[in-house]
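Read-outs: derived from the displayed coordinates by stated rules, not from any lab. A quick note: this is a predicted structure, and the numbers were derived from the prediction, not measured. Positions of Cβ are generated from backbone atoms using ideal geometry, with glycine treated the same way; all protein chains shown enter the neighbour counts.
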């Protein structure tokens, strides 16, 4: 018996996922400040999520884990570019700029997607794409405050965030192809596995001193200090696995475009969390620019003339 879509539940699940991802941005910032480099933090997150998803699927639906040799090249690219590099570049960005600003840059991915399908695939797009592009570019100018001497943002952080947006766009474009033959849960599981294997080679585990995870680090809440492994566990479980399942569950009740539009609140949530928790204060121009960019993203999300499936709602990889 088919399930009856419940839009209200879909919106609630998407908002909950955005909330978890938003909090995870600040938790990740604390882990980076504690001394874990972006490469190692990305490896820990990808590997932890891969193990968790593999275990769950192996227990609940092992048949969904079947993979053919012909699928391996696609899964490798999907996992390395769409997951491993997206997360790594996001961590580089938030190590150099406020979490909310990094997310605003990264979430311009839908603009790149709409341009790609128009220029390369010759797919029909709505005229609102041009307004979306104008708003996104104008908003980023405000966010970066380019009129200041050299701008107010770290150029490496800006470059990393924009590259993360391109990688995220690649993730969605490849995800459209992948979901024609695989269900979203299994596809994302194997993408995390591919990312974990990539980082096992790029940042070998024998070079990692696991003893640092036992060190206690300040978490900017009074004088509270927590073991670093607890922050990493949060990043893996509540920052990746749980919000991923919430996003997937939401797609049972909402079309992908609607879920994507709701998910654009993540930079807003992330900015509020970072402001309250670690006192990352944005200027008035940056807030204005963020609003303008998010407006452009909303238009870009609806610029494509056809509805397409996505493996996960926006920013699920980054935060």
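Percent of Cα pairs in the range 91-217 per distance bin of 10 Å, from zero to the largest separation: 11, 28, 32, 22, 7, 1.
As a calculated quantity, the FRET efficiency between residue 249 and residue 147 at R0 = 51 Å, using C-beta atoms, amounts to about 0.70.
Per residue, how big is the convex hull around the C-alpha atoms of the range 150-220? Give it to me in cubic angstrom, could you?
On the way: hull volume 13.1 nm³, N = 71.
Convex hull volume per residue, Cα atoms: 184 Å³.
Using C-alpha pairs under 8 Å with a sequence gap of at least 6, the mean separation divided by the residue count of the range 7-301 gives a relative contact order of 43 percent.
A helix-only calculation puts the chain at -20500 deg cm²/dmol for mean residue ellipticity at 222 nm, using -39500 (n - 2.57) for each DSSP H run of at least four residues, averaged over all residues. Three semi-axes describe the equivalent ellipsoid of the range 1-74; taken as square roots of 5 times the Cα gyration tensor eigenvalues and ordered largest first, they are 29, 24, 11 Å. In terms of its alpha-carbon gyration tensor, the range 232-274 comes out oblate; a/c meets the 1.5 threshold, while b/c is at least as large as a/b. Rounded to a whole number of µm²/s, how large is the Stokes-Einstein D of the range 7-301 at 37 °C and 0.692 mPa s, given Rh as the Kirkwood radius over C-alpha pairs? Rounded, D is 167 µm²/s.
One decimal place: the segment residue 225-residue 121 gains 32.3 nm when fully extended, by the rule 0.36 nm per residue minus the C-alpha distance. The Rg/Rh ratio of the range 11-168, with both radii computed over alpha carbons and Rh defined as the Kirkwood radius, is 1.02. Compactness ratio for the range 115-161: Cα radius of gyration over 2.2 N^0.38 Å (N = residue count) comes to 1.52. Derived value for the range 187-263: Kirkwood hydrodynamic radius 15.4 Å. Basis is the mean of 1/r over every pair of different alpha-carbon atoms.
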